[in-house]
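The values are calculated or read from the model by the stated rules, or taken from the named source; none is laboratory data. Just so you know, these numbers come straight off a predicted model, no measurement behind them. Cβ placement follows ideal geometry from the backbone for every residue including glycine, while neighbour counts extend to all protein chains displayed. These area figures cover heavy atoms from the full protein model, side chains too; ligands, DNA and RNA do not enter into them. Shrake-Rupley method; radii C 1.70, N 1.55, O 1.52, S 1.80 Å.
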Amino acid sequence: MALYLLFESASGYALFHAYGIDEIGQSVDAVRSSVLDLKRFSKAVKLAGFTPFSSAIDALNQCNAISEGIMTDELRNFLELNLPKVKEGKKAKFSVGVMEPKVGSHITEATGIPCQSNEYVQELLRAVRLHFDQFIDQLKPSDLEKAQLGLGHSYSRAKVKFNVNRVDNMVIQAIFLLDTLDKDVNSFSMRVREWYGWHFPELVKIVNDNYLYAKLAKFVTNKSDLSEKDIPALADLIGDEDKAKEIVEAAKASMGQDLSPVDLINVQQFAQRVMNLSEYRKNLYEYLVTKMNDIAPNLTSLIGEMVGARLISHAGSLSNLSKCPASTLQILGAEKALFRALKTRGNTPKYGLIFHSSFIGRASTKNKGRMARYLANKCSIASRIDCYSDVSSSIFGEKLREQVEERLEFYDKGVAPRKNLDVMKAAIEGMTNTASEEGEENGGTSAKKSKKKKSRAEADGDAMDLDKPANTSAAEAEPETEKKKKKKKHKLEEPQDQEMAATGDDETPKKKKKKSRDASADDEPKTATEGKKKKKKSKTAGDD
């Protein structure tokens, strides 16, 4: 069976006929060692056809199609033109070797041309890439390098191109940093408590919050300096005057040891660092909330910012999450438990990262699995809407959240929830209403501008009308009378020709009529009131 090799270069498509493969050898190792020699390789492979790309944009489109496993119309025409034709009902006596198996399968499905992609074919295509400039006439290696460099830059630029406001990578980094900050702030707060606890051990029992404890450790420094004068300042820090009095009383009867000024300064500096980390953690959380509302508003309104961000980070991106089915999304984050259950033939996990949602915590123990399955279904819908919709809106997420709430009530109280079709119709109506309101707001401003323009134009027109003389009405009526003349002439000429053929004696009266009509048409146009007066006069004359 003959073997053809399809090679996609930066300058165009090339088709090679590998007719002397038996001389090289069938094993991959033999091919790998022998393809380096151009003389031996050129005896076994010859160029069957080459079509260059028309432009850089065309080359980029073809490259994108090949990377996605799609056969373009240009590639199909090229293959049908250069490959031997196969008769109907018979198998092809050749096959095409391709580098990408997806492209080969698409070519086979669309055209019926048998394709193969294995290690042997890939080694031959690597050799074709190595000696490609020797097979094409008038193609310099420098030109090929320039084409490869330009196509590589444009392809990378097209892949990296994205919407700045919808970068899910920032959410992934933010949630990872938030998790590490939580661990670090917790461990540092414990260190502050232990360190300052040697000096003021009673403060640990009075203040439980880590951030407040670090604030107080920085404010108090030396417990012996505390007095009743400091109670207002302590009350401002804590927000509770009773606790401030309790701290002052505890400092007077404290059992802690005294620390040197240098040790107190170090404790104070470390407490300030913990406070800064806690404040940065709050700012980072606010940043994550805004980013999630920009990137995935529906998923955020359905399941919350933290759980949604964890799902996106675990999947790798929002597009990967949208491609996951609901069953995968349900156990996302519980892979170890799943594979352990499959290995030991035990019970598979019911939920993964979704467990942190408040809906599953509110459900009863027997309904947690059902609730997790239902919530995963709604999360997959919300993620797909966020990923593939052009309009950023949280209406669908709010409606899906209402559905989950109704499902919880159904499990607890037996209240029947609404149908999914009705909920989606309401969501679509809400989307259209918001879009129409935005259009009306934009249209209101444009309508005001158009009204102003119309009023200005009317004022200018009135001024122009005042300047024009009264004879313009007669001048405007002239072209209309000319058109009427032509129509009357055509109407009169047709019956005249017929009557002239029938009778020749009646020429004189018809000519007189025609002259009278022409004369009346040549006169100046009269007003409607004058015409009415004449009609009335003629009627009165007839009555007399």
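Conditions first: (1) closer than 25 Å to Gly397 by Cα; (2) open to solvent by less than 80 Å² (accessible area, probe 1.4 Å); (3) touching a residue at least 60 places away in the same chain (Cβ under 8 Å). Val274 passes all but one, so which condition is the exception?
Going through (1) closer than 25 Å to Gly397 by Cα; (2) open to solvent by less than 80 Å² (accessible area, probe 1.4 Å); (3) touching a residue at least 60 places away in the same chain (Cβ under 8 Å) one by one, Val274 breaks only (1).
Which residue is least open to solvent (accessible area, probe 1.4 Å), if the candidates are limited to segment 225-259 and must be in contact with a Leu (Cβ under 9 Å, 6 or more places away or on another chain) and basic (Lys, Arg)?
Filtering segment 225-259 for residues that are in contact with a Leu (Cβ under 9 Å, 6 or more places away or on another chain) and basic (Lys, Arg), the one least open to solvent (accessible area, probe 1.4 Å) comes out as Lys243.
Within segment 386-418, count every residue that is outside any helix (DSSP H, G or I), in contact with a helix residue (DSSP H, G or I) (Cβ under 7 Å, 6 or more places away or on another chain) and open to solvent by less than 60 Å² (accessible area, probe 1.4 Å).
Residues in segment 386-418 being outside any helix (DSSP H, G or I), in contact with a helix residue (DSSP H, G or I) (Cβ under 7 Å, 6 or more places away or on another chain) and open to solvent by less than 60 Å² (accessible area, probe 1.4 Å): 3 in total.
Hey, can you tell me all the residues within segment 112-144 that are among the polar types (S, T, N, Q) and either surrounded by fewer than 18 Cβ atoms within 10 Å (Cβ to Cβ) or in contact (Cβ under 8 Å) with a residue 60 or more places away in the chain (or both)?
Quick first cut of segment 112-144, residues among the polar types (S, T, N, Q) only: 116-118, 122, 134, 138, 142.
Scanning segment 112-144 gives Gln116, Asn118, Gln122, Gln134, Gln138, Ser142.
Residues that are in contact with a Pro (Cβ under 8 Å, 6 or more places away or on another chain) and under 30 Å from Ala44 (Cα atoms): does segment 136-156 have at least one?
Checked segment 136-156: no residue is in contact with a Pro (Cβ under 8 Å, 6 or more places away or on another chain) and under 30 Å from Ala44 (Cα atoms).
Show me the helices (runs of 4 or more DSSP H) entirely contained within segment 153-269 in which 1 or more residues are within 18 Å of Tyr280 (Cα to Cα).
Details: elements: 168-197, 203-206, 210-220, 231-238, 241-252.
The qualifying helices (runs of 4 or more DSSP H) are 168-197, 210-220.
How about segment 26-81: which of its residues are assigned to a helix (DSSP H, G or I) and charged (D, E, K, R)?
Initial filter on segment 26-81 (assigned to a helix (DSSP H, G or I)): 28-34, 38-44, 56-67, 73-81.
If the condition is that a residue be assigned to a helix (DSSP H, G or I) and charged (D, E, K, R), then Asp29, Arg32, Lys39, Arg40, Lys43, Asp58, Asp73, Glu74, Arg76, Glu80 are the ones that fit.
If I ask for residues that are in contact (Cβ under 8 Å) with a residue 12 or more places away in the chain and either open to solvent by less than 60 Å² (accessible area, probe 1.4 Å) or more than 14 Å from Tyr374 (Cα to Cα) (or both), which ones from segment 419-440 would you list? Reasoning before the result, please.
Filtering segment 419-440 for residues in contact (Cβ under 8 Å) with a residue 12 or more places away in the chain gives 420, 423-424, 426-427, 430-431, 434-435.
Within segment 419-440, Val423, Met424, Ala426, Ala427, Gly430, Met431, Thr434, Ala435 meet the criteria.
Count, please, the residues in segment 326-340 that happen to be open to solvent by 60 Å² or more (accessible area, probe 1.4 Å) and closer than 13 Å to Cys379 by Cα. Show your work before the answer.
Start the filter on segment 326-340 by keeping residues that are open to solvent by 60 Å² or more (accessible area, probe 1.4 Å), which leaves 327, 335-336, 339-340.
With closer than 13 Å to Cys379 by Cα added as a condition, the list becomes 327.
Total satisfying the criteria: 1.
Within segment 354-362, is even one residue at pLDDT 90 or above and in a loop (DSSP other than H, G, I, E, B)?
Yes, segment 354-362 contains at least one residue that is at pLDDT 90 or above and in a loop (DSSP other than H, G, I, E, B).
Report whether or not Leu332 is under 22 Å from Gly352 (Cα atoms), among the aliphatic types (A, V, I, L, M) and not in a helix (DSSP H, G or I). Walk me through it before giving the result.
Values: under 22 Å from Gly352 (Cα atoms): yes; among the aliphatic types (A, V, I, L, M): yes; not in a helix (DSSP H, G or I): yes.
When the stated conditions are applied, Leu332 passes them.
Starting from residues that are touching a residue at least 24 places away in the same chain (Cβ under 8 Å) and farther than 22 Å from Gly152 by Cα, keep the ones in segment 62-81 and report whichever is nearest to the chain's Cα centre (by Cα).
Arg76
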